[in-house]
Structure formats: C-alpha cells, structure tokens
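The structure under discussion appears below in the form of structure tokens.
Throughout, read-outs are computed from the coordinates displayed, never taken from laboratory work. Nothing here was measured: the structure is a model prediction, and the numbers come from that model. We place every Cβ from the backbone using ideal geometry, glycine too, and count neighbours over all the protein chains shown.
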Amino acid sequence: MVYDLIIVGGGPAGITAGIYAARQKLNTLLITKSFGGQVARKAVAIENYPGFEEISGMELIQKFEKHLRKYKIEIERDSITKIKKIGKNFFVWTKSKNQFQARAVIIASGADPRPLEVPGEKKFIGRGVSYCSICDGPLFSNKTVAVIGGGNAGFETAIFLSKFVKKIYILEYASKVRADETNQERVKKTRKTEVITSAALKQIKGKEFVDSIVYQNRKTGKNI
C-alpha cells in the first residue's frame with residue numbers, strides 16, 4: 001500500500017498534523033513510539049494553553065490522542081530507522097523491520113535532551129544524572145540536587161523537585177536567568193532553591209553515585 005502521508009512523531013505537532021490530514025481524507029499513517037513527546041514530561045501544570053486554565057501535560061496529551069482517534073487514521077507504535085525517497089515515493093523503515101511507502105512524509109519527531117558533554121555525565125546516567133525530573137524526581141527525596149539551566153524548563157523542574165528534595169541549586173550559564181517571571185516567583189516560594197548565574201558545569205563526580213559537581217564561575221574563572 002502507498003499512503004498519501006506518513007507522519008513521524010506522536011507529540012502535539014504530529015497529532016495536529018494527523019487531525020488535519022484525516023479531515024482532508026488523506027490515507028494517513030502515523031508512526032510513533034508513544035504519544036506525548038515533551039509535553040507529557042512537563043513537570044508542572046500547563047497554564048498557557050488556550051481553553052485550559054490549568055492542565056497537566058499527560059492529561060492534555062490524552063485529550064489530543066482522543067481527538068485524533070475520532071478520525072480514520074492508522075497508528076503504528078514503532079520508531080523510525082531510515083527514510084529514503086525512491087522515485088516519486090518515500091520509503092520508511094522501522095525498528096521492527098517494517099517498511100512503508102507514502103507520497104509525502106511529515107517529520108514531527110520532536111527533540112531529545114541535549115547532553116552537556118562534561119566528564120562524569122555518561123558514567124552517572126541513572127546513578128544521579130537524569131534528564132526527566134517527572135520520571136526520576138522521587139528518587140532524590142531528601143537529597144541536594146543541581147538543575148542545569150535557568151530557562152522555563154529548568155525552573156519548572158525545580159518547582160517539581162521541591163516536593164521531594166532538601167535543597168536545589170539552579171545553575172545558569174548566562175549572567176541572568178531566562179525563565180518567565182511567574183516561574184521565578186514560584187521558585188522563590190519553595191524557599192529551598194538557590195539560583196547561581198554565570199555558572200558553567202565542568203564535572204560530575206562520585207564513586208558509585210553522584211556526590212558532587214564542579215562548576216566554573218565565568219566572571220572570575222574559578223572552579224567551585
């Protein structure tokens with residue numbers, strides 16, 4: 001079978017593309033490992049999506065998926081290994097060794113966490129280094145943690161972690177944080193978060209598990 005369209009990704013962009021395609025009566029296949037993408041991993045409630053004063057990322061994605069499934073669209077739970085255009089059609093191969101053809105492909109695969117590429121990071125993944133606070137937050141109960149990044153994602157992570165941990169340090173590379181004022185106010189209210197700007201993470205240290213980090217004060221050049 002040659003589909004009119006294959007959509008890669010089950011986050012908000014992929015789901016929206018699927019709804020539009022189905023409404024246009026296109027023979028569509030959506031391929032995704034799971035629904036949700038980064039929205040499902042949001043550590044705090046979403047308050048800036050029109051129509052919902054407050055809603056969790058997972059609940060919002062469930063509503064998206066329910067909307068999508070109202071339409072006639074095929075869904076394949078798999079991940080993509082290769083896409084190649086041969087002649088007029090696109091060929092898509094999946095991890096399960098399935099092959100699909102379509103006249104067009106929309107790639108809405110989202111983004112993965114960006115590694116910091118500092119010594120100790122890879123060594124301690126799953127042993128103190130985490131890229132998903134909502135997944136691993138409870139594991140850090142009553143511990144001191146560092147959140148790298150002073151944007152909204154970093155501040156929302158700190159807000160979520162404040163339910164479990166003893167102390168939080170937010171390290172921001174720039175001279176000032178980029179998080180919304182609302183998130184900054186919420187972090188202040190936790191009374192257990194310290195924000196450090198002009199801080200460049202240099203090393204993650206420990207034996208079996210992370211026990212400390214080294215960062216550089218970018219103003220003085222000193223490692224702390």
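Bridge orientation summary for the chain: considering DSSP beta bridges with both residues in this region, about 45 percent are antiparallel. Its residues counted as N, the range 37-152 yields a C-alpha radius of gyration over 2.2 N^0.38 Å of 1.42. In terms of its alpha-carbon gyration tensor, the range 131-224 comes out oblate; a/c meets the 1.5 threshold, while b/c is at least as large as a/b. Peptides 137-148, 5-16 ranked from most to least packed by the mean count of surrounding Cβ atoms within 10 Å: 5-16, 137-148. Can you give the angle from 0 to 90° between the axis of helix 152-161 and the longest principal axis of the chain, with both taken from C-alpha atoms, to the nearest 10? Approximately 70 degrees, to the nearest 10. What is the range 111-152 by shape, rounded, prolate or oblate, if you read a ≥ b ≥ c off the alpha carbon gyration tensor as root eigenvalues and call it rounded for a/c under 1.5, prolate for a/b larger than b/c, and oblate otherwise? Oblate, because a/c is 1.5 or more while a/b does not exceed b/c. Helix 181-190 and the longest principal axis of the Cα set of the chain meet at an angle near 50°. Between 0 and 90 degrees, the angle of helix 12-23 with respect to the longest Cα principal axis of the chain falls at about 20 degrees. For the chain, take the alpha-carbon Rg, divide it by the Kirkwood Rh, and send me Rg/Rh. Radius of gyration over Kirkwood radius for the chain works out to 1.06. How much FRET efficiency would the formula 1/(1 + (r/R0)^6) give for Arg23 and Ser79, where r is the Cβ-Cβ distance and R0 is 25 Å, rounded to 0.05? Plugging the Cβ-Cβ distance into 1/(1 + (r/R0)^6) gives 0.40. At what distance in angstrom do the alpha carbon centres of the range 60-109 and the range 168-190 lie from each other? Going from one Cα centre to the other spans 38 Å.
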